[in-house]
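The values are calculated or read from the model by the stated rules, or taken from the named source; none is laboratory data. These numbers come from a predicted model, not from an experiment. Don't worry about glycine lacking a Cβ; one is built from the backbone with ideal geometry, like all the others, and counts go over all protein chains shown.
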Amino acid sequence: MDTGRYQRLTRPGAVKRILVRGTNWIGDAVLTTPALMAVRKGFPQARIALLAKPAIAELLHGHPAVDDIVLYRDPGPHAGLGGKLTLARLLRRGRYDLAMLFQNAFEAAALTALAGIPNRYGYATDGRSFLLTHRVPLTPKIRRSHQVHYYLELLRPLGIQVEPEPPTLRTTPDEDAEGIEHLRAFGVDAKKVLIGLNPGSVYGTAKRWLPERFAEVADRVAAEHGGVVLIFGGHGEEELGAALAGRMEAPTVVLSGRTTVRRLMALIKQCRLFITNDTGPMHIATAFGVPTVAIFGPTDPLTTSPFGSGHELVRHPVDCSPCLLRECPIDHRCMQGISVEMVHAAAMRQLQKVGVSPPSLALPLEGGGKGGGGAPVVYLDRDGTLNFDPGYLNQPEQLRLLPGAGQAVGRLNRAGFKTVVLSNQSGLARGLITQDQLEAIHQRLRELLAEEGARLDGIFVCPHHPDEGCACRKPAPGLVHRAQRELGVSPENAIVIGDKASDVELARNVGALAVFVRSGNVPEEEQARMAERGLAPDYVARDLTGAVRWILEMNKSELGGSVVGSYRRDETDELAT
């Protein structure tokens, strides 16, 4: 690629009028806003027009990156070949110097070529390369990146700065006031804790979490915070919204199919919490900074999750996800495996971030004592956290404790914590290890810890194959629930320590603090996985010693639950200074 030829476009005065072909879906359009702002910065003197369908035009009306909007009405006057020629003539009158194609379709390139726009810039997709004057290769790496990066990377050959910023949307003060008045017409005080639910999905039923579980979560959150539930949805989802409200005891307002895009934006902006499937309104909520719980099943969070850190993903990993299908051809296991408890715990953490009745985490003081609600507990991963990870451990003589691990567990014992190992052991189902061998390994683990003056209160394993979709394989909460039943440990006073992204996700699923230790084999890869899934541990430690030090220092400071869901600091940064 001749980058010099591309970068000549950004020279002062080279381009005075730009036409951006926007995407057709609301969620995609929200995720293009960082790229739109980058275009604005890269061409500060140019006038930017957006060619978009009516819904996207509404969404981005008044956005600071857009000067003009050209409506693309199909269905309507721009449908069919004749309609496309009519639109091309309209665009020709705009005298655009550059067409920037965020949409990947062949049609987008054909329209701008028919309109005689001299510079046509976009990804080389859909057989349209010959219609583009400036083609950007779509590499596998870009294709698999988050959509915010996907649209930004299109601009890189131009020499435009592509540092990602969060997506942004704008409403006017009048629109915000009208939204509040709209709620008052339903008898809702906007000062209440407004809980937004988006239980549908225009894309298909595969993306929908179970309506009865949406209802149960919303009822619980509303009851705990004196809240009102606003049920959102598009046209055609009115029946779903009404059915959901019929299941609930909390005060509800069904807005499904009853809002314009602008009214939808203004009302979502008023919410203190938004619980949603992977949909366009999910991205609207996060663009306004509304704390969001996003439920993912068949779609890929690597590419379409809410961008940034002000949200939580809840998912039940199964081998067939992401499948990207509209309808599930089997048992919808990716959504069936997401429990009410998982989503409720995520909702509580999100509300706590904005100071809505934060729950307390009563941890013990060093030297004994218990917090409220049962014995506090530290859930420990095994390989890479307590002992060296040899790749696959199937003989007791292979087990070696990591340096300092025994002393760290002993400190937890003396501080009044129960210590419980949770481990995925699919080797049992695969035939790689027998139950006798596993028991021998765990006996050896107990013996080595005892030599250091430490003990474990329990060891719980998931023996299932990953394909079985069980409820106990981490990050699913089954092992934690079993420990709560059998050991009497508190569901509130809990911390998970592990070297895998799945350990951090488990903590999020059960409402526990999460500590990531870098003592496993591939800490950088696991931290990258966490970033992809929108997971942020509460603390990152070099090893178990550092993790326990942080826990006990936190107790002495009496910080308690104020750190739940927040990222405090990274011990590895401190060690490097």
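For this structure, a couple of remarks:
- Helices (runs of 4 or more DSSP H) completely within region 226-328 that count 3 or more residues being under 29 Å from HIS149 (Cβ atoms): 261-270, 280-287, 301-304
- Any hit, region 384-391, residues being at pLDDT below 90, closer than 26 Å to HIS464 by Cβ and surrounded by fewer than 20 Cβ atoms within 10 Å (Cβ to Cβ): yes
- Conditions (1) more than 18 Å from the chain's Cα centre (by Cα); (2) on the phi < 0 side of the Ramachandran plot; number of the one not met by GLY469: (2)
- In region 159-193, the residues that are in contact with a Leu (Cβ under 6 Å, 6 or more places away or on another chain) and over 22 Å from VAL30 (Cα atoms): ALA190
- Criterion violated by THR112 - all others in (1) among the β-branched types (Val, Ile, Thr); (2) more than 13 Å from VAL20 (Cα to Cα); (3) in contact with a Lys or Arg (Cβ under 8 Å, 6 or more places away or on another chain) satisfied: (2)
- Single condition ARG144 does not satisfy, out of (1) modelled with pLDDT of 95 or more; (2) under 19 Å from the mean Cα position of the chain (by Cα); (3) not small (Gly, Ala, Ser): (1)
- Residue in region 398-410 that is farthest from ILE433 (Cα to Cα), counting only those that are within 35 Å of the chain's Cα centre (by Cα) and crowded, with 19+ Cβ neighbours inside 10 Å: ALA408
- Some residue of region 493-502 being acidic (Asp, Glu) and under 24 Å from the mean Cα position of the chain (by Cα): yes
- Residue ID - nearest to ILE433 (Cα to Cα), chosen from residues in region 449-469 that are surrounded by fewer than 17 Cβ atoms within 10 Å (Cβ to Cβ) and of a type outside the set (Asp, Glu): HIS465
- Every residue from region 191-230 that is touching a residue at least 24 places away in the same chain (Cβ under 8 Å), closer than 19 Å to LEU267 by Cα and charged (D, E, K, R): LYS192
- Those residues of region 508-522 which are basic (Lys, Arg) and surrounded by fewer than 24 Cβ atoms within 10 Å (Cβ to Cβ), in sequence order: ARG518
- The requirement of being out of contact with any Asp or Glu (no Cβ under 7 Å at 6 or more places or on another chain), at pLDDT below 95 and charged (D, E, K, R) is satisfied by ASP189.
- Strands (runs of 3 or more DSSP E) within region 472-557 that include 1 or more residues of a type in the set (D, E, K, R) and more than 27 Å from ARG333 (Cα to Cα): 489-498
- Residue in region 480-501 that is in the same structural domain as THR385 (by TED's automatic domain parsing), free of Cβ contacts under 8 Å to residues at least 40 places away in the same chain and closer than 28 Å to THR303 by Cβ present: yes
- Hits in region 226-244 - residues which are over 22 Å from ASP278 (Cβ atoms) and either crowded, with 19+ Cβ neighbours inside 10 Å or not assigned by TED's automatic domain parsing to the domain that holds ALA285 (or both): GLY227, VAL228
- Selection count, region 237-287, where residues are of a type in the set (A, V, I, L, M), over 20 Å from PRO306 (Cα atoms), in contact with a helix residue (DSSP H, G or I) (Cβ under 9 Å, 6 or more places away or on another chain) and free of Cβ contacts under 8 Å to residues at least 60 places away in the same chain: 8
- The lone exception for ASP126 - which of (1) at pLDDT below 95; (2) charged (D, E, K, R); (3) in a helix (DSSP H, G or I) it fails: (3)
- Qualifying positions in region 187-203 - among the aliphatic types (A, V, I, L, M) and over 19 Å from the mean Cα position of the chain (by Cα): VAL188, ALA190, VAL193, LEU194, VAL202
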